[in-house]
Amino acid sequence: MTKYPVTIALLFMCALTASAADDQVYLAPEAFLAEAFGTAPPPTMLWITAEIQPDIEKILGHPPPRLRQRYWKDGAKTAWILEEIGKEEFITAGFIVANDRIEKARVLIYRESRGMEVRYPAFLKQFDGVQLQEKQRLSKRIDGIAGATLSVWAMERMARTALYFHRHVNK
């Protein structure tokens, strides 16, 4: 009878280890920032105020996960490292925005068991030059990937969020 709780604890620890092992780091955040700026400027914080929270909720389809968002800015260029749930796990992506357009999108860390095709350049280059239009829509249709629908949608939400945040901090 005393072995049963120990077995449950061991199974729980194995499950935690297995989920942590599923994280695929494709590009470290520091490397993404170096790619964006060379030498990254110090981070700045954007507070998610009552003024912008309704727009972010509309873009994400849920309340923003934090009250503040870190970003990096050099002149008119900003870099955003955002996280959004794909199907069950977070996807961490980086977006470089300049002149109100996405200059580059990168998947930094992918934690889902499927749908990792969103990390490939062939998919990500669709975001190049995309702008935010009225009703917080992207200016270009992003083609989906069979078997990765929720990951594609998460990437679109993060792209819309990065463009919205960029516009807000450059008012």
Output yes when any residue across region 128-136 is within 20 Å of residue 55 (Cα to Cα), in contact with a Lys or Arg (Cβ under 7 Å, 6 or more places away or on another chain) and assigned to a loop (DSSP other than H, G, I, E, B), and no when none is. yes
Close pairs (8 angstrom Cβ cut-off, 6 or more residues apart or separate chains): at positive phi in region 57-69, in a helix (DSSP H, G or I) and of a type in the set (Lys, Arg) anywhere: 61/157
Within region 2-23, is even one residue of a type in the set (Phe, Trp, Tyr), open to solvent by 50 Å² or more (accessible area, probe 1.4 Å) and modelled with pLDDT of 95 or more? no
Let me spell it out: the conditions are (1) out of contact with any strand residue (DSSP E or B) (no Cβ under 9 Å at 6 or more places or on another chain); (2) surrounded by 21 or more Cβ atoms within 10 Å (Cβ to Cβ), and residue 163 meets all of them except one. Which number is the exception? (1)
Taking region 46-90 as the search range and keeping residues that are part of a helix (DSSP H, G or I) and of a type in the set (Asp, Glu), which one is surrounded by the fewest Cβ atoms within 10 Å (Cβ to Cβ)? 57
Of the conditions (1) at pLDDT below 95; (2) on the phi > 0 side of the Ramachandran plot, residue 171 fails just one. Which one is it? (2)
Which pairs do you get when a residue that is over 17 Å from residue 60 (Cβ atoms), found in region 143-166, comes within reach of a residue that is outside any helix (DSSP H, G or I) and open to solvent by less than 20 Å² (accessible area, probe 1.4 Å), reach meaning Cβ atoms under 7 angstrom, with the pair 6+ apart or on two chains? 147/115; 148/115
Quick check on region 91-108: of everything there that is of a type in the set (Val, Ile, Thr) and more than 9 Å from the chain's Cα centre (by Cα), which residue is surrounded by the most Cβ atoms within 10 Å (Cβ to Cβ)? 97
Is there a residue in region 128-142 that is at pLDDT 95 or above, under 15 Å from residue 168 (Cα atoms) and touching a His at 6+ places or on another chain (Cβ under 9 Å)? yes
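The values are calculated or read from the model by the stated rules, or taken from the named source; none is laboratory data. All values reported here derive from a predicted model rather than from experimental measurement. Reconstructed Cβ throughout: ideal geometry from the backbone, glycine too, with neighbour counts over all protein chains shown. Heavy atoms of the whole protein, side chains included, go into the accessibility calculation; ligands, DNA and RNA do not. Shrake-Rupley method; radii C 1.70, N 1.55, O 1.52, S 1.80 Å.
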